[in-house]
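Below: the structure, in C-alpha coordinates.
The values are calculated or read from the model by the stated rules, or taken from the named source; none is laboratory data. Being a predicted model, the structure only gives us computed values, none of them experimental. Here the Cβ positions follow ideal geometry from the backbone for every residue, glycine too, while neighbour counts run over all protein chains shown. All accessible areas refer to the heavy atoms of the entire protein, side chains included, with ligands and DNA or RNA removed. Shrake-Rupley method; radii C 1.70, N 1.55, O 1.52, S 1.80 Å.
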Amino acid sequence: MREQLIEYRDGETVCEGFLCYDESQPSPRPTVLINHMGKGRDEFIERKARRLAWSGYACLALDNYGKGRRGGTPEANAALMAPFMIDRALLRRRLLAGLSAATSLPIVDARRIAVIGFCFGGLCALDFARANADVRGVVSIHGLLKPSGSTEPKIAARVLMLHGYDDPLAPPEDVLAVAREFTVAGADWQLHAYCHAVHAFTNPKANDRAAGLQYDEAADRRSWHALEEFLAEVLK
(Lines give C-alpha, C1' and ligand atoms only; values in the text may rest on other atoms or scores of the structure.)
Protein backbone atom coordinates (compact mmCIF):
# COMPACT_ATOMS: atom_id res chain seq x y z
CA MET A 1 0.00 0.00 0.00
CA ARG A 2 1.43 3.36 -1.03
CA GLU A 3 0.67 6.43 1.11
CA GLN A 4 1.72 10.01 0.51
CA LEU A 5 0.77 13.56 1.38
CA ILE A 6 -0.41 15.72 -1.52
CA GLU A 7 -0.22 19.51 -1.36
CA TYR A 8 -2.68 21.57 -3.34
CA ARG A 9 -3.99 25.13 -3.27
CA ASP A 10 -7.22 27.04 -3.08
CA GLY A 11 -6.02 30.54 -3.87
CA GLU A 12 -3.53 31.44 -1.15
CA THR A 13 -4.54 28.55 1.10
CA VAL A 14 -2.26 25.51 1.03
CA CYS A 15 -4.06 22.23 1.71
CA GLU A 16 -2.57 18.81 2.41
CA GLY A 17 -4.46 15.69 1.37
CA PHE A 18 -3.70 12.08 2.21
CA LEU A 19 -3.44 9.74 -0.79
CA CYS A 20 -3.33 5.96 -0.57
CA TYR A 21 -3.70 3.13 -3.05
CA ASP A 22 -2.66 -0.47 -3.65
CA GLU A 23 0.32 -0.31 -6.01
CA SER A 24 -0.40 -3.80 -7.35
CA GLN A 25 -3.65 -2.63 -8.99
CA PRO A 26 -3.71 -1.23 -12.55
CA SER A 27 -3.89 2.52 -13.10
CA PRO A 28 -5.61 4.84 -13.59
CA ARG A 29 -8.29 3.55 -11.28
CA PRO A 30 -11.66 4.53 -9.80
CA THR A 31 -11.18 7.05 -7.04
CA VAL A 32 -12.91 8.02 -3.82
CA LEU A 33 -12.47 11.48 -2.30
CA ILE A 34 -13.07 11.51 1.46
CA ASN A 35 -14.15 14.60 3.42
CA HIS A 36 -13.21 14.91 7.06
CA MET A 37 -15.23 15.58 10.18
CA GLY A 38 -15.29 18.85 12.10
CA LYS A 39 -11.84 18.44 13.65
CA GLY A 40 -10.08 18.19 10.28
CA ARG A 41 -8.27 15.40 8.45
CA ASP A 42 -7.22 12.87 11.05
CA GLU A 43 -6.40 9.20 11.64
CA PHE A 44 -10.09 8.23 11.56
CA ILE A 45 -10.38 9.48 7.96
CA GLU A 46 -7.03 7.98 6.97
CA ARG A 47 -8.17 4.57 8.23
CA LYS A 48 -11.27 4.82 6.06
CA ALA A 49 -9.06 5.71 3.09
CA ARG A 50 -6.87 2.67 3.68
CA ARG A 51 -9.88 0.39 3.99
CA LEU A 52 -11.27 1.55 0.65
CA ALA A 53 -7.83 1.39 -0.97
CA TRP A 54 -7.67 -2.32 -0.16
CA SER A 55 -10.83 -2.68 -2.28
CA GLY A 56 -8.95 -1.33 -5.29
CA TYR A 57 -9.80 2.36 -5.19
CA ALA A 58 -7.38 5.25 -5.14
CA CYS A 59 -8.40 7.31 -2.11
CA LEU A 60 -7.65 10.95 -1.46
CA ALA A 61 -8.63 12.32 1.94
CA LEU A 62 -9.16 16.01 1.33
CA ASP A 63 -8.02 18.82 3.60
CA ASN A 64 -10.81 21.38 3.60
CA TYR A 65 -9.39 23.61 6.36
CA GLY A 66 -5.82 24.08 5.17
CA LYS A 67 -2.48 22.50 5.99
CA GLY A 68 -1.95 22.06 9.71
CA ARG A 69 -5.35 23.40 10.75
CA ARG A 70 -6.90 20.94 13.19
CA GLY A 71 -9.45 21.14 15.93
CA GLY A 72 -9.94 18.78 18.85
CA THR A 73 -12.41 20.30 21.27
CA PRO A 74 -16.04 20.92 20.27
CA GLU A 75 -15.36 24.66 20.44
CA ALA A 76 -12.28 24.46 18.23
CA ASN A 77 -14.08 22.25 15.73
CA ALA A 78 -17.01 24.65 15.56
CA ALA A 79 -14.66 27.58 14.98
CA LEU A 80 -13.01 25.78 12.05
CA MET A 81 -16.35 24.84 10.48
CA ALA A 82 -18.05 28.20 10.98
CA PRO A 83 -16.60 30.13 7.99
CA PHE A 84 -17.64 27.33 5.62
CA MET A 85 -21.10 26.91 7.12
CA ILE A 86 -21.68 30.66 6.79
CA ASP A 87 -20.19 30.98 3.29
CA ARG A 88 -21.08 27.90 1.28
CA ALA A 89 -19.58 29.48 -1.85
CA LEU A 90 -16.22 29.49 -0.03
CA LEU A 91 -16.74 25.83 0.81
CA ARG A 92 -17.61 25.04 -2.80
CA ARG A 93 -14.37 26.62 -4.02
CA ARG A 94 -12.34 24.67 -1.47
CA LEU A 95 -14.02 21.39 -2.45
CA LEU A 96 -13.51 21.96 -6.16
CA ALA A 97 -9.83 22.72 -5.52
CA GLY A 98 -9.56 19.27 -3.97
CA LEU A 99 -11.28 17.69 -6.95
CA SER A 100 -8.92 19.49 -9.33
CA ALA A 101 -5.94 18.22 -7.36
CA ALA A 102 -7.27 14.67 -7.56
CA THR A 103 -7.86 14.73 -11.30
CA SER A 104 -4.27 15.88 -11.88
CA LEU A 105 -2.89 12.67 -10.35
CA PRO A 106 -1.88 9.90 -12.79
CA ILE A 107 -3.34 7.25 -10.48
CA VAL A 108 -6.84 8.77 -10.75
CA ASP A 109 -9.38 7.89 -13.43
CA ALA A 110 -11.03 11.29 -13.74
CA ARG A 111 -14.10 9.70 -15.35
CA ARG A 112 -14.77 7.52 -12.28
CA ILE A 113 -14.76 9.57 -9.10
CA ALA A 114 -17.08 9.35 -6.10
CA VAL A 115 -17.10 11.51 -2.97
CA ILE A 116 -17.90 10.52 0.60
CA GLY A 117 -17.81 12.34 3.91
CA PHE A 118 -18.51 12.00 7.61
CA CYS A 119 -20.34 14.57 9.78
CA PHE A 120 -19.21 17.99 8.41
CA GLY A 121 -17.67 15.97 5.60
CA GLY A 122 -21.10 14.56 4.79
CA LEU A 123 -22.30 18.09 4.11
CA CYS A 124 -19.19 18.59 1.97
CA ALA A 125 -20.01 15.45 -0.04
CA LEU A 126 -23.55 16.70 -0.68
CA ASP A 127 -22.17 20.10 -1.71
CA PHE A 128 -20.15 18.37 -4.45
CA ALA A 129 -23.48 17.19 -5.87
CA ARG A 130 -25.05 20.60 -5.37
CA ALA A 131 -22.19 22.15 -7.35
CA ASN A 132 -22.71 19.60 -10.14
CA ALA A 133 -19.06 18.66 -9.87
CA ASP A 134 -17.90 16.03 -12.34
CA VAL A 135 -18.30 13.07 -9.98
CA ARG A 136 -20.47 10.00 -10.36
CA GLY A 137 -21.85 9.76 -6.86
CA VAL A 138 -21.71 11.26 -3.38
CA VAL A 139 -22.29 9.71 0.05
CA SER A 140 -23.08 11.53 3.28
CA ILE A 141 -22.42 9.43 6.40
CA HIS A 142 -24.07 10.88 9.52
CA GLY A 143 -23.72 14.19 7.71
CA LEU A 144 -25.09 17.63 8.38
CA LEU A 145 -28.12 17.94 6.13
CA LYS A 146 -28.25 21.69 5.60
CA PRO A 147 -29.42 22.90 2.15
CA SER A 148 -26.94 25.32 0.61
CA GLY A 149 -29.40 27.65 -1.06
CA SER A 150 -27.43 27.40 -4.32
CA THR A 151 -28.23 23.98 -5.72
CA GLU A 152 -27.82 23.58 -9.46
CA PRO A 153 -31.11 23.18 -11.38
CA LYS A 154 -30.22 19.59 -12.29
CA ILE A 155 -28.04 17.33 -10.15
CA ALA A 156 -26.31 14.61 -12.16
CA ALA A 157 -24.42 12.75 -9.42
CA ARG A 158 -26.21 9.94 -7.64
CA VAL A 159 -26.71 10.62 -3.94
CA LEU A 160 -26.72 8.34 -0.89
CA MET A 161 -27.40 9.58 2.64
CA LEU A 162 -26.62 7.21 5.54
CA HIS A 163 -28.37 8.73 8.52
CA GLY A 164 -28.91 8.06 12.20
CA TYR A 165 -32.66 8.32 12.73
CA ASP A 166 -32.22 9.97 16.16
CA ASP A 167 -29.38 12.30 15.11
CA PRO A 168 -30.03 15.64 16.88
CA LEU A 169 -27.66 17.44 14.48
CA ALA A 170 -29.76 16.37 11.49
CA PRO A 171 -33.35 16.45 12.78
CA PRO A 172 -36.38 15.34 10.73
CA GLU A 173 -37.01 18.83 9.34
CA ASP A 174 -33.48 18.88 7.87
CA VAL A 175 -33.97 15.42 6.38
CA LEU A 176 -37.22 16.52 4.73
CA ALA A 177 -35.66 19.75 3.49
CA VAL A 178 -32.75 18.00 1.77
CA ALA A 179 -35.10 15.36 0.33
CA ARG A 180 -37.22 18.12 -1.20
CA GLU A 181 -34.11 19.93 -2.45
CA PHE A 182 -32.70 16.91 -4.26
CA THR A 183 -36.09 15.87 -5.59
CA VAL A 184 -36.64 19.29 -7.14
CA ALA A 185 -33.15 19.09 -8.66
CA GLY A 186 -34.01 15.75 -10.27
CA ALA A 187 -31.34 13.84 -8.37
CA ASP A 188 -31.22 10.05 -8.11
CA TRP A 189 -31.10 9.98 -4.31
CA GLN A 190 -31.41 7.40 -1.53
CA LEU A 191 -31.76 7.75 2.22
CA HIS A 192 -30.93 4.92 4.65
CA ALA A 193 -31.96 5.67 8.24
CA TYR A 194 -30.72 3.52 11.11
CA CYS A 195 -33.02 3.11 14.12
CA HIS A 196 -31.82 4.53 17.46
CA ALA A 197 -28.54 5.73 15.90
CA VAL A 198 -27.39 9.28 16.58
CA HIS A 199 -24.54 11.40 15.24
CA ALA A 200 -21.04 9.93 14.65
CA PHE A 201 -22.36 6.36 14.68
CA THR A 202 -19.31 5.07 12.72
CA ASN A 203 -16.75 6.50 15.15
CA PRO A 204 -15.75 4.06 17.94
CA LYS A 205 -14.47 7.01 19.99
CA ALA A 206 -17.88 8.73 20.03
CA ASN A 207 -19.25 8.16 23.53
CA ASP A 208 -21.43 11.10 24.58
CA ARG A 209 -25.05 10.12 24.10
CA ALA A 210 -26.23 13.23 25.93
CA ALA A 211 -24.56 15.35 23.23
CA GLY A 212 -25.97 13.15 20.48
CA LEU A 213 -22.64 11.45 19.71
CA GLN A 214 -22.51 7.67 20.05
CA TYR A 215 -20.90 4.76 18.23
CA ASP A 216 -23.38 2.14 16.99
CA GLU A 217 -21.85 -1.13 15.81
CA ALA A 218 -24.88 -2.26 13.81
CA ALA A 219 -25.31 1.08 12.05
CA ASP A 220 -21.57 1.23 11.37
CA ARG A 221 -21.56 -2.23 9.79
CA ARG A 222 -24.75 -1.74 7.79
CA SER A 223 -23.74 1.69 6.51
CA TRP A 224 -20.34 0.39 5.34
CA HIS A 225 -22.05 -2.39 3.37
CA ALA A 226 -24.38 0.18 1.81
CA LEU A 227 -21.39 2.38 0.96
CA GLU A 228 -19.53 -0.49 -0.71
CA GLU A 229 -22.55 -1.45 -2.81
CA PHE A 230 -23.10 2.16 -3.87
CA LEU A 231 -19.45 2.66 -4.87
CA ALA A 232 -19.44 -0.58 -6.84
CA GLU A 233 -22.55 0.61 -8.70
CA VAL A 234 -21.47 4.15 -9.54
CA LEU A 235 -17.79 3.45 -10.26
CA LYS A 236 -18.15 0.30 -12.35
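Can you list the chymotrypsin sites (Phe, Trp or Tyr not before Pro) in region 136-235 that are in a DSSP coil and have 13 or fewer other beta carbons within 10 angstrom? Answer in residue order: no site qualifies.
Would region 105-201 count as rounded, prolate or oblate if I go by the C-alpha gyration tensor, calling it rounded below 1.5 in a/c and otherwise prolate when a/b exceeds b/c, oblate otherwise?
Values: a/c = 2.22, a/b = 1.41, b/c = 1.57.
Oblate is the answer for region 105-201, as a/c is 1.5 or above yet b/c matches or exceeds a/b.
Need one word for region 177-235: rounded, prolate or oblate. Basis is the Cα gyration tensor (sqrt eigenvalues a ≥ b ≥ c); a/c below 1.5 gives rounded, then a/b vs b/c decides. The shape class here is oblate. What the phi angles of region 212-219 give under the Karplus curve with 6.51, -1.76 and 1.60, with θ = phi - 60°, is a coupling list of x, 10, 7, 5, 9, 4, 5, 5 Hz, glycine and proline written as x.
One chain, two ends: Glu7 and Ala179. Fully extended at 0.36 nm per residue, the span grows by 58.4 nm beyond their Cα-Cα distance.
For the chain, a crude dipole built from +1 on the beta carbon of Lys and Arg and -1 on the beta carbon of Asp and Glu, taken about the Cα centre, is about 360 debye to the nearest 20. Give me the percent relative contact order of region 101-173, please, defined on Cα pairs under 8 angstrom at least 6 residues apart. Once divided by the residue count of region 101-173, the mean separation gives 28 percent. Work out the charge dipole of the chain with +1 on the Cβ of Lys and Arg and -1 on the Cβ of Asp and Glu about the Cα centre, then indicate which of Tyr8, Leu52, Phe230 is farthest towards its positive end. Value computed over the given set: Tyr8. Take the alpha carbon gyration tensor of the chain, find the square roots of its eigenvalues, order them as a ≥ b ≥ c, and report rounded if a/c is under 1.5; if not, report prolate when a/b exceeds b/c, else oblate. Rounded, because the longest to shortest axis ratio a/c is under 1.5. With all protein chains kept in place, the per residue accessible area of the chain amounts to 43 square angstrom at a probe of 1.4 angstrom.
Just the protein heavy atoms count here, and of the accessible area of the chain at 1.4 Å, carbon and sulfur take up 53 percent.
Test of understanding: what is the full-extension gain from Asn207 to Asp87, defined as 0.36 nm times their sequence separation minus their Cα-Cα distance? It would help to have the intermediate numbers written out before the result.
Values: separation 120, 0.36 × 120 = 43.20 nm, distance 3.05 nm.
So the extension gain works out to 40.1 nm.
Count the net charge of all other residues whose Cβ sits under 9 Å from the Cβ of Tyr8, scoring Lys and Arg as +1 and Asp and Glu as -1. Before the final figure, lay out each step's value.
Values: positive: Arg9; negative: Glu7, Asp10, Glu16, Asp63.
Taking every other residue near Tyr8 into account, the sum is -3.
Relative contact order for region 141-236 using alpha-carbon pairs under 8 Å, separation at least 6, rounded to a whole percent?
Details: 143 pairs, mean separation 27.0, N = 96.
Computed over region 141-236, the figure is 28 percent.
The lysine pair tally for the chain, using Cα distances under 20 Å and a gap of 8 or more places or different chains, is 7.
Along the axis of the charge dipole computed for the chain (Cβ charges of +1 for Lys and Arg, -1 for Asp and Glu, origin at the Cα centre), the listed residues Val115, Val135, Ala78 are led at the positive end by Val135.
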